[in-house]
Amino acid sequence: MAASPTINLRDLVVLIADPSSYLSMIAHGILRGFGTNKVLEVRNSIDVLQTLSAQKIDILLCDSRLPPHGGLSLTRAIRRKVDNENRMMPILIMTSDTREGTIRQSRDAGANMVLAKPMSPASLYDRLAWIALTPRQFVDTPTYFGPDRRFKIEGYPKGVGRRKSDHVIEVAEEAGPALGQDDIDNLFSAARMGKD
Amino acid sequence: MSDTDKPEARIFTVETRFQKLARRAGGIPRDQAIEQAMAQIEEARPGFDDWVGKELDKLADVIKTARPGMPTSDWIDLAGSHSRQVRDVGTTMGFELLTYVADSLCEILDAVAAGAELNMDSITCHLDALYLARQRPYCNMKPDQVPELTSGLRRVVEHVSTSPHEA
């Protein structure tokens, strides 16, 4: 049997964006158990953008229903902002809605992975390990910026951590951004000015 | 569409700081990390009862504002948000009956949001069941230990899901 994968999360800055303080606290606790020692928590997209403007974040864990416009719009905004130093950071979307359409929309927004709620330590560790150990190229087109969507989960090297429910999904046509460039710019400038 | 139709696509390799640092030696092996995370969740358990009580009270307040015929957008998102949080945290914390009932309520709210007829009794009976599932000894029970309750809720969900709203 292959050895379990190991990731080192010490000194990585993790940003949890979830409207629920209790769910955030649980996610924070799970990450602490993984050895993470730098975790920030915010409750809405504006605070995410403010945090990203102020410091380097290594990975974003973002709820799909993050107020006010949802985690997918936020992901698009982050990916499309050319002068954003966190533009290529890994983004993990947390969602209770695991319908294929939602997962496809998350991927098309530029998320690296989707984590189904309820969250378990094993599912979170596996996704963090996949992101760390299975690098994906980035794609830059007029309608999409983000990790290459043409990938399939084959588990860790040697197949560790693969679940029966993991499957390949077809690459969808780009649906286009939900926010225009002006909206994105407005969001970032609101964040810089500290407006909610 | 062939690759030649998309000459403007640029594909490049990125190694983020997350990937660099996460691959360093000295990390915590998966099994140990999960064990430690479970211990952290256990530490949060004492606060769960207080939290879920507040969530249910907020849910009850939202439901009080709902009436058949009023626009569902006024309250259903909020009710759905509280229900999902109870379901999601309940699962992570291992409260199976509470999770079952909350999931059942989520199904009803989703169905109503999608156009099913709003029957307030179907929602209030779930709220009552949530309050019950929070109490001892029910909080430590599994759904199959209270088959009458779970099958009753199942019937309610099936009825709501098949009742289209008549405008």
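Just a few scattered comments:
- The residue that is nearest to the chain's Cα centre (by Cα), among those in segment A:72-90 that are within 14 Å of chain B (Cβ to nearest Cβ) and not polar (S, T, N, Q), is A:Pro90.
- All of (1) at the interface with chain B (Cβ under 7 Å from one of its Cβ atoms); (2) farther than 22 Å from B:Arg24 by Cβ; (3) in a loop (DSSP other than H, G, I, E, B) hold for A:Asp11 with one exception: (2).
- Check on A:Gly71, surrounded by 21 or more Cβ atoms within 10 Å (Cβ to Cβ), modelled with pLDDT of 95 or more and touching a strand residue (DSSP E or B) at 6+ places or on another chain (Cβ under 6 Å): yes
- Residue in segment A:42-51 that is in contact with a strand residue (DSSP E or B) (Cβ under 7 Å, 6 or more places away or on another chain), in contact (Cβ under 8 Å) with a residue 60 or more places away in the chain and closer than 25 Å to B:Thr91 by Cβ present: no
- Residue match in segment B:41-64 (condition: at the interface with chain A (Cβ under 10 Å from one of its Cβ atoms), over 22 Å from the mean Cα position of the chain (by Cα), assigned to a helix (DSSP H, G or I) and aliphatic (A, V, I, L, M)): no
- B:Ala102 vs. criteria farther than 28 Å from B:Glu43 by Cα and small (Gly, Ala, Ser): no
- Test: A:Ser45 is closer than 30 Å to B:Asp50 by Cβ, buried (at least 19 other Cβ atoms within 10 Å of the Cβ) and hydroxyl-bearing (Ser, Thr, Tyr): yes
- Test: residue in segment A:81-101 that is surrounded by 21 or more Cβ atoms within 10 Å (Cβ to Cβ), modelled with pLDDT of 95 or more, of a type in the set (Val, Ile, Thr) and closer than 18 Å to A:Arg149 by Cα: yes
- Qualifying residue in segment A:22-42 (condition: away from every other protein chain (no Cβ under 11 Å), in a helix (DSSP H, G or I), buried (at least 18 other Cβ atoms within 10 Å of the Cβ) and at pLDDT 95 or above): no
- The condition of being of a type outside the set (Gly, Ala, Ser), under 23 Å from B:Val14 (Cβ atoms) and outside any loop (DSSP other than H, G, I, E, B) holds for A:Met94.
- For segment B:118-159, the candidate set comprises residues that are among the charged types (D, E, K, R) and more than 16 Å from B:His82 (Cα to Cα); within that set, the residue that is surrounded by the most Cβ atoms within 10 Å (Cβ to Cβ) is B:Arg154.
- When residues in segment A:93-122 are screened for being more than 10 Å from every other protein chain (Cβ to nearest Cβ) and among the small types (Gly, Ala, Ser), 5 of them pass.
- Residue, surrounded by the most Cβ atoms within 10 Å (Cβ to Cβ), within segment B:84-117, restricted to residues that are in a loop (DSSP other than H, G, I, E, B) and away from every other protein chain (no Cβ under 12 Å): B:Glu117
The values are calculated or read from the model by the stated rules, or taken from the named source; none is laboratory data. Computed from a predicted structure; not experimentally measured. Every residue, glycine as well, gets a Cβ built from its backbone with ideal geometry; the counts of neighbours run over all protein chains shown.
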